[in-house]
Amino acid sequence: MSLVTQKRDFLSISDFSTDELTRLLNRAHRLKVGKEDSQLIGKSLAMIFRKSSTRTRISFEVGMTQLGGHALFLSDHDSQIGRGEPIHDTAKVLSRYVDGIMIRTFGHEEVEELSRHASIPVINGLTDLLHPCQVVADLQTVAEEFGPDYSERTVAWIGDGNNMANSWLNAAYRLGFSVRLACPEGYDPDPLIFERAKQMADVLLTRDPCEAVQGADVVTTDVWASMGQEEEARERMAAFTGFSVDDTLMQQAFPSAIFLHCLPAHRGEEVSSSVIDGPQSRIFNEAENRIHTQKAILLELLG
C-alpha cells in the first residue's frame, strides 16, 4: 500500500495555523542556536526570481546549502517563463525535477496558479500582495527581544499599506497581537486582509503616525515606492510627506521599542539615518533571521 502525503505550501502566513506558526518560529530559534541539525540531503529547490533580490536569494540559497540540499536560481533571463511559457506548464515541469519551488514575483495570482498546478511545495518569496517570509523573520526578531508571547505586543506600521503591511495583519490574525497602521489616504492595506485580522486582533488604521506609534513595542516601515512602482515615485513622495520614521516619532513609542525595516532602505525618506543606525534598530538581526526562518520553512515543507 502506497502512502500519499498531501503537499503543503507557504503562500501566506495565514496558510499556517497558530500552532503551526508557533512551531515554525520555535524551529527557527532552535536552528539559530544550534539545537537542531535537520537536513535536506539530496533535495533541490527551484528559485524563480521575476523581481531582483538580495536577502531572499541569499537566505534561501545558503539555507539550502547548509541543510545539505541544492538551490537553482532561475531569472526571467535564465528560463522559459520569462519568454512566455505558461505558469501551469512551468509548475508541471519543475514538479518532475525538483522537490520545491520558491517564487518572487509581481502578481499574487502567479503564485496561486503555480501552487494549483505544482505537485510539490510552493513558497511565496514575495508578491505585490504579500511578503510572508520577511514577516516570519520579523516575528523571530520580536521574540528575541520581548519573548515568545506575542499577545501583549503592539506593532506600529508607518507608510504604504503594501505587502509587508498585509503580512503583518496576517500575522496578527494568527498570533493575536495589536497592529496600528498609519497610511496616507489612498494607500491602505488590502481591505479583506484588514477586516479578517480585526476578527482576531486589535487592529487600527489611522492617518496619524503619532497615533499609531503611541506606546508601540515595534515600529516598522518600508520604502515608499517598491519595485514596479518607480513611475509613481514622485507622486508617492508627496503623498507620504509626514510619514517618515525619525527620532521624534520614535519617542512616541515605548522606550524599549525596537525599529524594524525589511531593507533596502531609503535613508532620509521613510526613515532617518539616526533611527536606522540608532540603538533601537534591529535591522541587521532581522536580516540575519531570514536565513533561520527560511531554513525552518524549508524543513517544514520539504523535510
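The values are calculated or read from the model by the stated rules, or taken from the named source; none is laboratory data. For clarity, every value in this text was computed on a predicted model and none was experimentally measured. A quick note on method: Cβ atoms are made from the backbone with ideal geometry, for glycine too, and the neighbour counts reach across all protein chains shown.
Quick notes
- Boolean, residue 270 is surrounded by 20 or more Cβ atoms within 10 Å (Cβ to Cβ) and either closer than 25 Å to residue 50 by Cβ or of a type outside the set (Lys, Arg) (or both): yes
- Among residues of segment 135-173, those that are in contact with a helix residue (DSSP H, G or I) (Cβ under 7 Å, 6 or more places away or on another chain), more than 19 Å from residue 33 (Cβ to Cβ) and touching a residue at least 60 places away in the same chain (Cβ under 8 Å), counted: 11
- Exactly one residue out of 231, 286 is outside any strand (DSSP E or B) and surrounded by 15 or more Cβ atoms within 10 Å (Cβ to Cβ), and it is 286.
- The numbered conditions (1) under 26 Å from residue 28 (Cβ atoms); (2) buried (at least 20 other Cβ atoms within 10 Å of the Cβ); (3) of a type outside the set (Val, Ile, Thr) are all true for residue 249 except (1).
- For segment 24-74, the set of residues classified as free of Cβ contacts under 8 Å to residues at least 12 places away in the same chain and either of a type outside the set (S, T, N, Q) or in contact with a Lys or Arg (Cβ under 7 Å, 6 or more places away or on another chain) (or both) consists of 30, 33, 34, 35, 36, 37, listed by residue number.
Results for (1) outside any helix (DSSP H, G or I); (2) at pLDDT 95 or above; (3) of a type in the set (A, V, I, L, M); (4) assigned by TED's automatic domain parsing to the domain that holds residue 55, shown as yes or no for each residue.
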{"site": "197", "(1), (2), (3), (4)": "no, yes, yes, no"}
{"site": "201", "(1), (2), (3), (4)": "yes, yes, yes, no"}
{"site": "215", "(1), (2), (3), (4)": "yes, yes, no, no"}
{"site": "227", "(1), (2), (3), (4)": "yes, no, yes, no"}
{"site": "236", "(1), (2), (3), (4)": "no, no, no, no"}
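- Test: residue in segment 9-19 that is at pLDDT 95 or above and farther than 16 Å from residue 296 by Cα: yes
- Among the candidates 204, 169, 181, 192, residue that is within 20 Å of the chain's Cα centre (by Cα) and surrounded by fewer than 20 Cβ atoms within 10 Å (Cβ to Cβ): 192
- Selected residue (criterion: nearest to the chain's Cα centre (by Cα)) from residues of segment 273-283 that are surrounded by 12 or more Cβ atoms within 10 Å (Cβ to Cβ) and assigned to a helix (DSSP H, G or I): 283
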